[in-house]
Amino acid sequence: MPVAVQVKRSLLLAEGVRDPYDVGDIPSATGENVNPSEAASIAALARELRAEVLGGAYAEGDKLPSRVELAARMNLSAESGSVVLRTLRDEGLVTLEQGRGTFVCKLTDFEVTVTAGMLAGTPNPMRGSKASLRRAERSHPAVSRLSLQDGNDGPAWTMIVRAADPARAAGIALAVARMAAGGAWDSSRAALTARPVS
């Protein structure tokens, strides 16, 4: 039986795992220096390619299109295609091999539970609508089967997250739970548990 991994938020930050909802502007989030007129298209292309990788359009070890081929999808420069590939590399979805190309990493489904103490005076998310829970579930292509339970330490969100490692899965789950809660929680009290699904 797989061992559960406790992941602290400070570890996620130390490991450089980004909150997927803080990267709307890919170039500034990754420190890339790109043409500002291409920034929105780069972010859109990264979302599209991320969804393809996580959705199974590419299997582990498959070679992705070249930076030039990716850039051609949206009439971007080849350097913008490189930014997209480096973004997915930084997210742990692909590896870049000099002279060979970009390949999809081994991705694993993790069951992640996020428990967080709610901020005083905020509404209980247990009273939220099923529609808001489904919106949060659809907000990231790596997430499926999001559920909400009322735990002793506050609400607990459990979801299946497809990622390269438990720290990245926990980072995605933390962001989705924050979105589902509407930001009305004390993230310093957040507890995350990630275990591979067998």
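Quick notes on this structure:
- Residue in segment 23-36 that is modelled with pLDDT of 90 or more, in a helix (DSSP H, G or I) and either loosely packed, with under 13 Cβ neighbours inside 10 Å or not acidic (Asp, Glu) (or both) present: no
- Where a residue in segment 64-90 is assigned to a loop (DSSP other than H, G, I, E, B) and its partner, wherever it lies, is not aliphatic (A, V, I, L, M), with Cβ under 6 Å and at least six apart: LEU64/THR102; MET74/SER41; LEU76/GLU38; LEU76/SER41
- Filtered residues of segment 72-90 (kept if out of contact with any Pro (no Cβ under 8 Å at 6 or more places or on another chain), surrounded by 19 or more Cβ atoms within 10 Å (Cβ to Cβ) and among the hydrophobic types (A, V, I, L, M, F, W, C)): LEU76, VAL84, LEU85, LEU88
- With respect to (1) part of a helix (DSSP H, G or I); (2) loosely packed, with under 12 Cβ neighbours inside 10 Å; (3) at pLDDT 85 or above, the lone exception for GLU60 is condition (1).
- Scope segment 93-115; condition surrounded by fewer than 20 Cβ atoms within 10 Å (Cβ to Cβ), touching a strand residue (DSSP E or B) at 6+ places or on another chain (Cβ under 7 Å) and assigned to a loop (DSSP other than H, G, I, E, B); matching residues: CYS105
- Matching option when the condition is modelled with pLDDT under 95, under 21 Å from the mean Cα position of the chain (by Cα) and more than 12 Å from LEU148 (Cα to Cα), among GLY92, GLY99: GLY92
The values are calculated or read from the model by the stated rules, or taken from the named source; none is laboratory data. Keep in mind the model is a prediction, meaning the values are calculated, not measured. Methodologically, a virtual Cβ is constructed for each residue, glycine included, from the backbone with ideal geometry; neighbour enumeration extends over all protein chains shown.
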